[in-house]
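First comes the structure, then the notes that go with it.
The values are calculated or read from the model by the stated rules, or taken from the named source; none is laboratory data. Bear in mind that the values here come from a model prediction, so they are computed numbers and not experimental data. Here Cβ is always computed from backbone atoms with ideal geometry, including for glycine, and neighbour counts include all displayed protein chains. Just the protein is used for accessible areas: all its heavy atoms, side chains included, with ligands, DNA and RNA removed. Shrake-Rupley method; radii C 1.70, N 1.55, O 1.52, S 1.80 Å.
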Amino acid sequence: MRQILYVFLSSVLMSSCVLSDSEPFNGNDFDGTAYRPIYATADELTKVSVTAPVSLTDPGKIYVSDNYLFINDRGRGVHIIDNKDPKKPVNLSFISILSNYDIAAKGNWLYADNATDLLVFDISDPRVPKLIKRITNAIPVSYFPPYQNIFFECADEKKGVVIKWEKVTLDKQPNCFR
């Protein structure tokens, strides 16, 4: 009886390792949507400027320094807000940084990513931030979207640097999956 049970359990376990023809290897069927890379040239990426305030669209990290807030707007840059009166914050300016998704700060220094570069700003006077240093190629290039179990168009280095991904409808399943 014990041998029969052993053979039965072994066959059940082995059958679970067989892939069905109707189920894709990665477990996901292509539903007609995928991610497409958006590219920028090296010249476009190096353009960093302090502009008039703009509205927040996709807030990320927030850094607080004295009465000032530095709010990352994912993919766009950093908002500088005077928060002296928390009931009436004043949007002072915007640091436009293409492909900026993260910020960090310590003391009078604000660090921001710019695709593959790391930017260092002097924020000792938050009303007038100054780009002090650009460390090129400090951040590895990502040639795939930041999502799991999705189809995407494979990135092409010849088109530029991938700065973000957009979800699109496609007629044909793309070659890349993550």
Quick tally, 1.4 Å probe accessible area for 30, 144, sorted with the most first, runs 144, 30
Using alpha-carbon coordinates alone, the radius of gyration and Dmax of segment 28-118 in Å work out to 15.6, 52
Heavy-atom accessible area of residue 159, protein chains in place, probe 1.4 angstrom, given in Å² to nearest 10, is 130 Å²
With +1 at each Lys and Arg Cβ and -1 at each Asp and Glu Cβ, the charge dipole magnitude of segment 97-155 around its Cα centre, to the nearest 20 debye, comes out at 240 debye
Site residue 154, offset 7 angstrom along Cα→Cβ, radius 15 Å on amide nitrogen, limited to segment 28-63, gives 37
Whole-Hz Karplus couplings 3J(HN,Hα) for segment 31-36, θ = phi - 60° and coefficients 6.51, -1.76, 1.60, Gly and Pro as x, run 9, x, 10, 7, 9, 10
So, with points 7 Å from each Cα along the Cβ direction, the residue 30-residue 169 label distance in nm works out to 1.6 nm
The Cα radius of gyration of segment 110-178, divided by 2.2 N^0.38 Å with N its residue count, comes to 1.52
